[in-house]
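*Asks:* The following block contains the structure, expressed as structure tokens.
The values are calculated or read from the model by the stated rules, or taken from the named source; none is laboratory data. Owing to the predicted nature of the structure, the values given are computational and were not obtained by experimental measurement. Reconstructed Cβ throughout: ideal geometry from the backbone, glycine too, with neighbour counts over all protein chains shown. To get the accessible areas, we keep the full protein, side chains included, count just its heavy atoms, and leave off ligands, DNA and RNA. Shrake-Rupley method; radii C 1.70, N 1.55, O 1.52, S 1.80 Å.
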Amino acid sequence: MKLAILSRGPKLYSTRRLREAAIQRGHKVKVFDTLKFGLYLRQGEPDLTYRGKHISDYDAIVPRIGNSVTFFGSAVVRQFEQMGVYCLNTADSILASRDKLSSMQALSRHDIGIAETAFVRNQNDILQGIQEMGGAPVVIKLLSGTQGVGVILAESNKVAEAIIETLSSVQQNVLVQKFVSESKGRDIRAFVVGDRVVAAMRRSAVGQEFRSNVHRGGRTEVVELDEAYERTAVRAAHILGLKVAGVDMLEGKDGPVIMEVNSSPGLEGIEGATGIDIAGEIVSFTEEQLKFGNMNVRERLTLTRGYTISEFSITPGASLAGQTILSSGLREHDIIVLRITRGGEQIANPDKNRELMVGDTLLCYGSQVALSSFMPDRVRKRRRKRKAPQKLDDHDPS
Ligand SMILES: Nc1ncnc2c1ncn2[C@@H]1O[C@H](COP(=O)(O)OP(=O)(O)O)[C@@H](O)[C@H]1O
Ligand SMILES: [Mg+2]
């Protein structure tokens, strides 16, 4: 295949390794500086130039979009997508994972462990945000920091409040996060490629530092992940739509606690720690995926007027309960069941003789009118009642 790597630095370790791995597998590969593209939008023919010249066709793109070029970089990736070039990590998935708030928002509706986070702006809400996160010590984070910069451990509520107020006053958005102290300055980086974790390491902060980032002197060691950590990492990457992801998890008392998901995870630390050829894994995964492209299923399926894709649950007393797909009448109404979710199990392409049970969630494609007649009236998911946060004393150590 003909592979393009988008990166600002051809000499960077990750870029070099990806290039090497592609050459080793007999592919043609070129590194492009992300910022030197020009994008052109014309009816029916999205196009781009590199250093002012039109470029030949590429089969696949491996984007390595750094934090400082998110906007332009993701636009370049999106342009390649429009031109039908397979992009390992799409523009949408890069954007979804890029800031710590939006990625946590996307993850929070799912049943996976995440670091409890509050985002408040109004001065009257700040103390409540701190208290909801268990009170000091709490972690305060800039929305788009990396490498540990912009992550602060506030030892008292007063200090936390002052930091948030100060940063807000200079137009910096900050998150307040529960401090996961049981992780003891350690975290897990799981490197996800496709459906699996190809390598994992534990990073430990040194000395008084609570941040385990390698850039903050954190030490790395190989770690054999147990299943819960592996499942959580893959799930998080899937939810954000990432094919390649570095998922950072704290070791909480009840299992993995996701802190952040990186769409351009570095290779140096983790290849060094584990000795695994991750670049090779990325290139061979790209080879496999090439046939499938970056199809946005929902968009494709709903472009046909009157048709939609929908997911709904079978409630007690519903006409579908206890029927097989054949006897349910779904097919006669032009509805196809694409998948049944039953408990933790997923049944893809269920057979016509498959029975439908109360509690099943059906993912269907069909005519909007017919579908709505089978769907239950929308019942809002009840929110769990939370205990009001206890008012905490402020232990200001001074
Ligand atoms: N809620 C938390 N509880 C405990 N430690 C944390 C928490 N959030 C971050 N840390 C520590 O700080 C480090 C940096 O935080 P992170 O959110 O990953 O920011 P960055 O994008 O700068 O790496 C983490 O690797 C972890 O060691
Ligand atoms: Mg991090």
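*Asks:* Out of curiosity, is LYS291 open to solvent by 40 Å² or more (accessible area, probe 1.4 Å), within 30 Å of LYS28 (Cα to Cα), without any contact (Cβ under 8 Å) to a residue 24 or more places away in the chain and away from ligand 1 (no atom under 12 Å from the Cβ)? It would help to see each step written out before you state the result.
*Replies:* Working: open to solvent by 40 Å² or more (accessible area, probe 1.4 Å): yes; within 30 Å of LYS28 (Cα to Cα): yes; without any contact (Cβ under 8 Å) to a residue 24 or more places away in the chain: yes; away from ligand 1 (no atom under 12 Å from the Cβ): yes.
So LYS291 fits the description; yes.
Each row is one residue, and each column tells you yes or no for (1) at positive phi; (2) at pLDDT below 95; (3) within 23 Å of the chain's Cα centre (by Cα).
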| residue | (1), (2), (3) |
| --- | --- |
| LEU267 | no, no, yes |
| THR304 | no, yes, no |
| THR324 | no, no, no |
| ASP334 | yes, yes, no |
| ILE340 | no, no, no |
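*Asks:* If you take the residues of the stretch 150-173 that are under 21 Å from the mean Cα position of the chain (by Cα) and either more than 14 Å from ligand 1 (Cβ to nearest atom) or touching a residue at least 40 places away in the same chain (Cβ under 8 Å) (or both), which of them is most open to solvent (accessible area, probe 1.4 Å)?
*Replies:* Only one residue tops the list, namely ASN173.
*Asks:* Let me ask you something else. Given the structure, is LYS291 out of contact with any helix residue (DSSP H, G or I) (no Cβ under 8 Å at 6 or more places or on another chain) and away from ligand 2 (no atom under 16 Å from the Cβ)? It would help to see each step written out before you state the result.
*Replies:* Working: out of contact with any helix residue (DSSP H, G or I) (no Cβ under 8 Å at 6 or more places or on another chain): yes; away from ligand 2 (no atom under 16 Å from the Cβ): yes.
Yes.
*Asks:* Of all residues in the stretch 182-207 being at pLDDT below 90 and over 20 Å from GLY145 (Cβ atoms), which is surrounded by the fewest Cβ atoms within 10 Å (Cβ to Cβ)?
*Replies:* Taking the candidates together, the pick is GLY207.
*Asks:* Condition test on GLY134, is it free of Cβ contacts under 8 Å to residues at least 12 places away in the same chain, outside the structural domain of VAL62 (by TED's automatic domain parsing) and within 11 Å of ligand 1 (Cβ to nearest atom)?
*Replies:* Values: free of Cβ contacts under 8 Å to residues at least 12 places away in the same chain: no; outside the structural domain of VAL62 (by TED's automatic domain parsing): yes; within 11 Å of ligand 1 (Cβ to nearest atom): yes.
In short, no.
*Asks:* Looking for whichever is of a type in the set (Ser, Thr, Tyr) and within 16 Å of ligand 2 (Cβ to nearest atom) here; the options are SER212, SER156. Which one fits?
*Replies:* SER212
*Asks:* Search the stretch 136-145 for residues being crowded, with 17+ Cβ neighbours inside 10 Å and either farther than 17 Å from ALA118 by Cα or within 13 Å of ligand 2 (Cβ to nearest atom) (or both), and hand back the single one that is modelled with the highest pLDDT.
*Replies:* Per the stated criteria, the residue is VAL139.
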